[in-house]
Amino acid sequence: MVQSVSLSTLATCGKSRLCGSSPYWMAPFEPSKRSQITSASGRHLVWNHSVQSFFLIGYPYVSRHSGFKAEAAWMFRGGEQGLDSSSEHSESANEDILMFFFQLDLATRVQYALNMEQYDTAQQLRNKLTEVEEEVIKQQQSKRGLSSKSEAQDKGLSIIRLRSDLQNAVENENYALAAELRDEISKLEAESLAASAKALAHENAQYAFRLGQKVRHKKFGYRAVVCGMDPVCSESSSWMDNAQVKKLSRGSTQPFYQVLVDVRAEPNLLVAYVPEDNLLIPDKPDMGRFDHPYISFLFYGMDSAGDFIPIKQLREKYNRARHEIPIDPPNDE
């Protein structure tokens, strides 16, 4: 059975939690209300309108325009002087989190329909869930380097075939064809090397921060909570140019983190994609209030050290072990 977190279990009133009058997923399933969205990377998947509108209840200081998007002015700021916190705003990271929630919620809706013996509805929901799961698997494989590893292997096989063709072309004294094949082999060898390096970087990644950990931005000073991580930057080249990633000491090859930003300090940022170089651990345990509409479905609550405890599904998504707070030995005195 798929374990999941539903809106019904998270719907509680208060500024720092989700709030809803009734569980929307108990309403009859209506396929006609589905809509298709296209993300910045060209992905297509089925979406439910109520997922996006639900989170911001109880957050009057968060802008609701353009589906959580920050004001577009940051895209046109150039130079280091214009660099601010919105330069690390990431729609793809936000979409990744919402897709994760959508996956959890669909699994709950399937189980509820089965419990109510609504088998036709359960089948439709399961089909919808399969679409989302396939898309999530593709994303995870790409980020973890599995697709790069497979790509390197495919290019290696192509190189072997081309070398055989090159040998035949040389033996038949077809030197024009041999030159073309040689150029193609050189290109494939470079691409295979790059794909192998990316896969290796993903396999050997070491993270300085963990899921649920409270951090502070080194440059912009805002408080945030880690909710995702990539071994290297997985954003587009245009995003990296805008965020001036090349100016960082480790560039784009260092770990990057999806972080939830305290909406009281940055009401229009919500989710940022931050390089490891730009994050700091607070000097003292941060037990202060932290407001964000996604906290309640990504984390169980706060531990005794002030960090948040990620739900099991989030840990499984990133293959992270459960963090245990060390217990201080008893004081003999």
Sort 177-190, 209-222 by the packing proxy (mean of other Cβ within 10 Å over each peptide's residues), most packed first. 209-222, 177-190
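Using a 1.4 Å probe on the protein heavy atoms, what percent of the accessible area of segment 85-144 belongs to carbon and sulfur?
46
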Based on Cα positions only, what radius of gyration and what Dmax would you give for segment 211-333, in angstroms? 15.7, 60
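The values are calculated or read from the model by the stated rules, or taken from the named source; none is laboratory data. Quantities reported herein were computed from a predicted structural model and do not represent experimental measurements. All Cβ positions, glycine included, derive from the backbone under ideal geometry; neighbour counts span all protein chains shown. SASA here: full protein model, heavy atoms, side chains in, ligands and nucleic acids out. Shrake-Rupley method; radii C 1.70, N 1.55, O 1.52, S 1.80 Å.
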